Amino acid sequence: MKDVFRREIMRGVSLTCVREYKFKTGCLSMTLLTQLDRRTAAMNAALPSVLRRGTARFPDMESLAAQLDGLYGARIEPFVRKLGEVQCIGFYSDFPDDSFVPGGGQILEKTADLMGEMLLSPATSGGRLRAEYVDGERENLIDDIRAEINDKRIYSVRRMTELMCRGEAYGVSRMGSVADAEKISVATLTKHYRETVASSEIEVFYCGAADYARVEQAVRAALASLPRADAAGGPPVTDVKTEVRGAKPRVFTESLDVTQGKLAVGFRMGEPMMRPNYAAMLVFDALYGGSATSKLFLNVREKLSLCYFASSVVDRHKGVMIVSSGIDFAKYDQALSEILAQLDAVKRGDFEDWELDAARRAVVTAIYAAMDDQAGLESLYLDRVVSGMEATPEELAGLADGITREDVIRVARGIAEDTVYFLKGEDGKVGA
């Protein structure tokens with residue numbers, strides 16, 4: 001039986017501690033919550049990787065690796081996430097629980113200290129972040145952004161999102177753009193680093209066997225030198241747009257050297273976002289396109305063979321649903337028509353009891369599967385914080401299990417088609 005504690009332990013620093021005895025490891029994450037913004041997205045994306053390159057005490061990857069080896073193979077990895085219009089950057093670590101280490105060893109405290117050093121005492125030269133680290137991670141970031149085009153499914157969804165949410169922060173990639181990444185310099189990133197650390201809300205998450213008091217003490221010690229701006233901007237927020245932009249859905253078509261078309265459709269969740277029922281959104285998504293028993297999978301893909309894949313994802317932070325599919329070029333009209341027809345069916349309540357039961361089971365199973373993994377738990381609790389949801393993951397699973405047919409229909413009827421994006425082959429190409 002796990003115990004969950006959460007409170008603000010320092011100005012702008014909140015700690016969530018999940019005491020769980022079934023794992024042989026502990027996990028600790030430190031997340032800076034920043035407002036997703038085109039001007040800063042690329043710098044934010046590069047920052048954790050630059051900081052992970054070295055600290056004042058351990059100024060290079062070799063000395064850092066040796067220190068982690070001394071902590072029985074503890075790992076600390078940088079990450080960049082996008083939750084609605086919140087860009088989450090920081091570090092995630094896992095390490096052996098003290099009970100499995102000869103003589104104990106305070107691995108939690110030592111790992112927290114090292115993570116705090118990465119965040120607050122990075123390797124510098126002349127008072128700035130080290131140039132070779134900034135230059136190297138800038139190039140790695142540019143390569144990662146460019147590599148997305150090689151996965152046409154990811155690329156098509158990103159392009160659809162950019163076009164649908166042009167002028168909104170949600171249209172910005174979690175990694176920023178190549179053009180903005182190319183502008184990163186030692187001077188700009190050092191200035192941005194100082195401002196970001198001083199002003200960002202920080203979420204710390206721990207899962208393991210240590211008691212709350214010990215975890216809080218370890219985190220306080222690790223972040224003792226954390227600067228706090230006098231006028232911090234407060235927690236970042238997501239601007240939810242409930243209305244589509246025009247009377248008709250906007251349609252965009254692009255051509256690349258591909259043999260399979262990629263069709264992405266963006267929807268606004270509409271009125272249900274005014275008083276969001278997150279559990280109902282999850283069950284609706286599983287019923288419509290987010291599971292192996294969904295209408296999109298069983299009908300558009302399996303029964304009608306109109307696509308190679310078709311699935312939906314609901315971003316409950318922003319109130320956006322995206323359908324992604326792979327199709328033959330010639331089947332564009334049929335596939336789009338049937339994707340919309342399946343949504344209309346849900347709006348009418350035209351689905352069987354077994355479909356609703358399967359959707360509920362899919363959601364509950366996914367939540368409990370995430371809870372069986374510390375990284376999954378960390379992701380669930382961070383998502384909870386950003387959304388402002390009060391329910392714990394266990395409570396969310398219970399709510400999902402009780403979602404009714406009327407709940408799903410209510411969500412579906414608020415949804416409106418906003419944008420269609422089709423990635424087709426260049427002239428002369430034929431479908432796969």
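Just a few scattered comments:
- Cross-chain or 6+ apart pairs with Cβ under 8 Å, region 343-361 first and farther than 19 Å from residue 267 by Cα, then aromatic (Phe, Trp, Tyr): 359/284
For every residue, the table says whether it meets (1) among the aromatic types (Phe, Trp, Tyr); (2) at positive phi; (3) in contact with a Leu (Cβ under 7 Å, 6 or more places away or on another chain); (4) surrounded by fewer than 18 Cβ atoms within 10 Å (Cβ to Cβ).
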| site | (1), (2), (3), (4) |
| --- | --- |
| 340 | no, no, no, yes |
| 347 | no, no, no, yes |
| 360 | no, no, no, no |
| 393 | no, no, yes, no |
| 407 | no, no, no, no |
| 419 | no, no, yes, no |
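- Qualifying position, being not hydroxyl-bearing (Ser, Thr, Tyr) and not in a loop (DSSP other than H, G, I, E, B), among 306, 296: 296
- Inter-residue pairs, beta-carbon under 7 Å, first at negative phi and surrounded by 14 or more Cβ atoms within 10 Å (Cβ to Cβ) and in region 142-158, second part of a helix (DSSP H, G or I) and among the hydrophobic types (A, V, I, L, M, F, W, C), 6+ apart: 142/178; 142/181; 145/178; 145/181; 148/154; 155/149
- Within region 29-56, residues that are more than 15 Å from residue 183 (Cα to Cα) reach partners that are assigned to a loop (DSSP other than H, G, I, E, B) and basic (Lys, Arg) with beta carbons closer than 8 Å, at six or more positions or on different chains, in the pairs 36/174; 53/130; 54/130.
- Hits in region 75-103 - residues which are polar (S, T, N, Q) and either outside any helix (DSSP H, G or I) or surrounded by 13 or more Cβ atoms within 10 Å (Cβ to Cβ) (or both): 87, 93
- Note on region 292-319: residues that are crowded, with 16+ Cβ neighbours inside 10 Å and either acidic (Asp, Glu) or under 15 Å from residue 280 (Cβ atoms) (or both) amount to 5.
- Among (1) in contact with a strand residue (DSSP E or B) (Cβ under 7 Å, 6 or more places away or on another chain); (2) more than 20 Å from residue 197 (Cβ to Cβ); (3) in a helix (DSSP H, G or I); (4) of a type outside the set (S, T, N, Q), the one test that residue 72 misses: (3)
- Which listed residue is crowded, with 17+ Cβ neighbours inside 10 Å and out of contact with any strand residue (DSSP E or B) (no Cβ under 7 Å at 6 or more places or on another chain), from 19, 53, 11, 57: 53
Values quoted throughout were computed directly from the atomic coordinates according to the rules given, and no laboratory measurement underlies them. Here the structure is a predicted model, which is why all the values come from computation and not from measurement. A quick note on method: Cβ atoms are made from the backbone with ideal geometry, for glycine too, and the neighbour counts reach across all protein chains shown.
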